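Notes for the one structure printed next.
Nothing in this text is a laboratory measurement; each read-out follows from the coordinates by a stated rule. If you're wondering where the values come from, they're calculated on a predicted model, not measured in any experiment. A quick note on method: Cβ atoms are made from the backbone with ideal geometry, for glycine too, and the neighbour counts reach across all protein chains shown.
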Amino acid sequence: MSEYVKQASSAGEQYLTALAESQEQFLKAMSSYTSLLPKVPVAPIPAFAAELPTPKEIVEANFTFAAKLLKQQKEFTEKLFAASPSAH
């Protein structure tokens, strides 16, 4: 493994760790804030809303697509490097 790969991997892991920590702090703050809000009665849901996707479904569909796209791009890049005479 080259020095670049080691440094890039280390920097990536440090970034992901910091990101996870900041996300956790945000969620804790959000939870504290929402616990102070008054309880609002649930409004009736219109009939047409049953046809709309839930926020969770939207997120799942988009992350599934992003994962497939990233996998496809990685496979293409690997094939490109394999076809290139200067890639080793």
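Dipole orientation for region 34-88: of the candidates 58, 82, 42, 82 has the Cα lying most toward the positive pole (charges on Cβ; Lys, Arg +1; Asp, Glu -1). At full extension, residue 37 and residue 67 could sit 7.2 nm farther apart than now, given 0.36 nm per residue minus the alpha carbon distance.
Rounded to the nearest 20, the size of the Cβ-charge dipole of region 44-88 about its Cα centre is 200 debye, with Lys and Arg at +1 and Asp and Glu at -1.
With respect to the chain, whose longest principal axis is taken over its alpha-carbon atoms, helix 55-83 is tilted by about 0°. Counting neighbouring Cβ atoms within 10 Å and putting the fewest first, the residues 30, 1 line up as 1, 30.
For the chain, the extents of the C-alpha atoms along the principal axes are 66, 34, 10 Å, listed from largest to smallest. Note on the chain: Lys pairs 8 or more places apart or on different chains, Cα atoms under 23 Å apart, count 9.
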